[in-house]
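Bear in mind that the values in this text are calculations on the coordinates, not laboratory data. Bear in mind the structure is a predicted one, so any value in this text is a computation, not a measurement. Note that each Cβ is placed from the backbone with ideal geometry, even for glycine, and that neighbours are counted across all protein chains shown.
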Amino acid sequence: MLRIRTLLAALAVAALALALVPLAGARAHRTIVFVKAKEFSFVLSTKSVAEGTVIFNVTNAGKLSHDFKIAGIKSPLLKPGKKASLVVKFAKKGKFPYLCTVPGHAAAGMKGVLTVR
C-alpha cells in the first residue's frame, strides 16, 4: 500500500511539473534547489531564490526517515536513500521557514529559512 501511495505521489508531482512547462513564447522562471536531509539538518544548494516556481529535489541521506515542508507543501516521508520533488510557487518576496515534521526532528535542528528575493 505504501508503494502505491509513493507511486501516486510521484505521478502527481510529475503531472504538476509538466503542467508548469511554459507555453510556446511564454517565459517562466523556475529554480531547482537540491535539499539533502540527514540527522539532524538540511543542506540546501542555495539559501535564497528569486520569486517564481521552485522545484525542491529532496534526498534523504540520513539513517532515519525524514520529510521536508515549506510554504505549506510537504514531501512524503522519505526512508533512507529515497528522493522526492516538491514544486512550490513563491508569488511574493519574504522569508519562508522549512522543517522536518517528524516529531522532535525540527527541535533537533532540522529547520531553516529560505529567502525569496
Please compute the Cα-Cα pair-distance distribution of the stretch 24-117 with 5 Å bins starting at 0, giving whole percents from short to long.
3, 15, 26, 25, 15, 9, 4, 2, 1, 0
Sorted by mean Cβ packing within 10 Å, highest first, what order do the peptides 79-90, 50-61 take?
50-61, 79-90
